[in-house]
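Novice: This is the structure I have questions about; it appears just below.
Derivation of every value follows stated rules applied to the coordinates shown; laboratory data play no part. Small disclaimer: the values here were computed from a predicted structure and weren't measured. Glycine also receives a Cβ, built like all others from the backbone with ideal geometry; neighbour counts cover every protein chain displayed.
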Amino acid sequence: MDERSMVSVVIPVYNEEMNLRPLLDRLRPVMEGLERPYEIIFVDDGSADRSLAILKGFAESFPEIRVVELTKNYGQHAAIFSGFSIVRGEIVVTLDADLQNPPEEIPRLVEVMEREDMDVVGSVRKMRKDSLFRTIPSRIVNAFARKMTGVNMRDWGCMLRAYRKPIVERMAACHEHSTFIPALAVYFAKRSTEIDVTHGERTGGVSNYSFPRLVSLQFDLVSSFSVFPLKLIMYTGLFMAVLGVSFGAILGVARIAYGAQWAAEGVFTLFAVLFAFVGFQFFALGIMGEYIGRIYREVRRRPEFVIEKVHGGPGKKE
């Protein structure tokens, strides 16, 4: 087989010891069924359970499996980038380890990519098994992603995606911190599409995406591809300034018309308006501070991830 037809699967892992064996039992037959060279790259993102030990066992047993051991928990997207740094395949597929996105869908992504000559093939989770706590923020992320990128993809949050090797190389060359991989890929891609895929229940462990992480992911998307929040602050500040001047003029006229006693009775309204303005100013400072903090992280040029060791053989299945 021509090595250019090789398929690489990158799987970030963080405390997924209960799902790893079922995942491998389902993934290997799928990859064998492609009848082409393949590799599976697991990235242990600083797991605190037995995930790394289990993955090392996989690497010792199967020559097509490699395990990237990171020095600590860097987050899902950084873990994926570390896997991107060592992939060999011409087609690179990302997959979560929790089995909510079935590995049996991988052949369809590969088929669509080759048949339609796509650079990126995303997936849309049909009949999602997640709670409202996950689905509502996901819809918000999707809406923002469409606005920021100008690309009308429906499900940006699904990690089951396929990329051409040149797209992966361009993303890896960016060395960006706090970026959003699906949007970054579409930024570099000439042709992209989506297909519908099934979605399953999480069978073991718990989701590693807490509410603060979801908020952080949302801001990664916005700050990486737009200055929209800064413009929103500017226009909102302008509106509030006009509103404040208008309200002051109304109070001045009312004082002349109704006397000082009426104005004194409105002092609490003034305080309420003042507190609203002060609250908005602190919010605006927080948004700008977040941007400045991310600029600071970028200019320090510290690595986004540090690989402790790569376990496993040549990473190729002939």
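Novice: Using 7 Å Cα-to-Cβ label points, what is the Asp196/Glu60 separation (nm, one decimal)?
Specialist: 4.5
Novice: Report ³J(HN,Hα) in whole Hz for each residue of the range 160-168, in order, from the Karplus equation J = 6.51 cos²θ - 1.76 cosθ + 1.60 where θ = phi - 60°; Gly and Pro get x.
Specialist: My calculation for the range 160-168 gives 6, 9, 10, 10, 6, 4, x, 5, 4 Hz in order.
Novice: Ok, one more. Arrange the following residues from fewest to most other Cβ atoms within 10 Å of their Cβ: Ile106, Ile233. Each step should come with its number before you reach the end.
Specialist: Working: Ile106 24, Ile233 19.
By the 10 Å Cβ count, ascending: Ile233, Ile106.
Novice: Would you mind pulling out the separation of the Cα centroids of the range 171-198 and the range 1-75, in Å?
Specialist: So the separation of the two Cα centres works out to 21 Å.
Novice: For the range 37-120, what is the relative contact order in percent, using Cα pairs closer than 8 Å and at least 6 residues apart in sequence? Display every interim value, and only then the final one.
Specialist: Details: 72 pairs, mean separation 23.8, N = 84.
Relative contact order for the range 37-120 comes out at 28 percent.
Novice: Using the 10 angstrom Cβ neighbour count as an exposure proxy, how do Cys158, Cys174 rank, fewest first?
Specialist: Working: Cys158 23, Cys174 14.
Starting with the residue having the fewest Cβ neighbours, the order is Cys174, Cys158.
Novice: Could you list Lys126, Lys147 in order of exposure, starting from the residue whose Cβ has the fewest other Cβ atoms within 10 Å? All intermediate terms of the calculation are to be shown ahead of the outcome.
Specialist: On the way: Lys126 10, Lys147 13.
Starting with the residue having the fewest Cβ neighbours, the order is Lys126, Lys147.
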